[in-house]
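Written out below as structure tokens is the structure these notes cover.
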Amino acid sequence: GNGRLRIFGSGRSIISTCFVDNYAHGLMCGADVLDDTTSTTNDAYSDTTTRHPAWGSFYIITDGEPQNFWTMINTAILAMGFVDLTEKFHLPVWLLYMVAYICNAVGFLTGKK
């Protein structure tokens, strides 16, 4: 790390996290339910497929309550021996938007978008 990371905006970004093993387990549980309860005919074009109610449904796989993104990142940064992010200045959102618009305009004008 070169120490250039800064908190964007107010630092109150909330995210939902999940360990990859737990996510994979959730997907496998869903696949097991669908595999055990789905029957199809031999005809690929048949409408007689019986589908489980889970088909086409939306599910969220997560490890509990949402967490503050920057608190989580800062904990990892401190554990690696780097400087506390909360002691550095935060990058204001308006500045980030301004830089993004300028980069977008330059990309448009140069054709390298």
The convex hull of the Cα atoms of region 50-101, divided by residue count, gives a volume in Å³ per residue of 183
Once the piece of chain linking residue 61 and residue 17 is laid out straight, how much longer is it, given 0.36 nm per residue of separation minus the C-alpha distance between them?
15.0 nm
With label points set 7 Å from each Cα along the Cα-to-Cβ direction at residue 98 and residue 27, the distance between them in nm comes to 4.2
From the phi angles alone, apply the Karplus equation (6.51, -1.76, 1.60; θ = phi - 60°) to region 80-93 and give each ³J(HN,Hα) in whole Hz, x where the residue is Gly or Pro.
8, x, 8, 6, 4, 5, 6, 7, 8, 6, 8, 7, x, 4
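Coordinate-derived values only; no laboratory data. It should be emphasised that the depicted structure is a prediction, and the values quoted were computed from it without experimental measurement. Backbone-built Cβ (ideal geometry, glycine too); neighbour counts: all protein chains shown.
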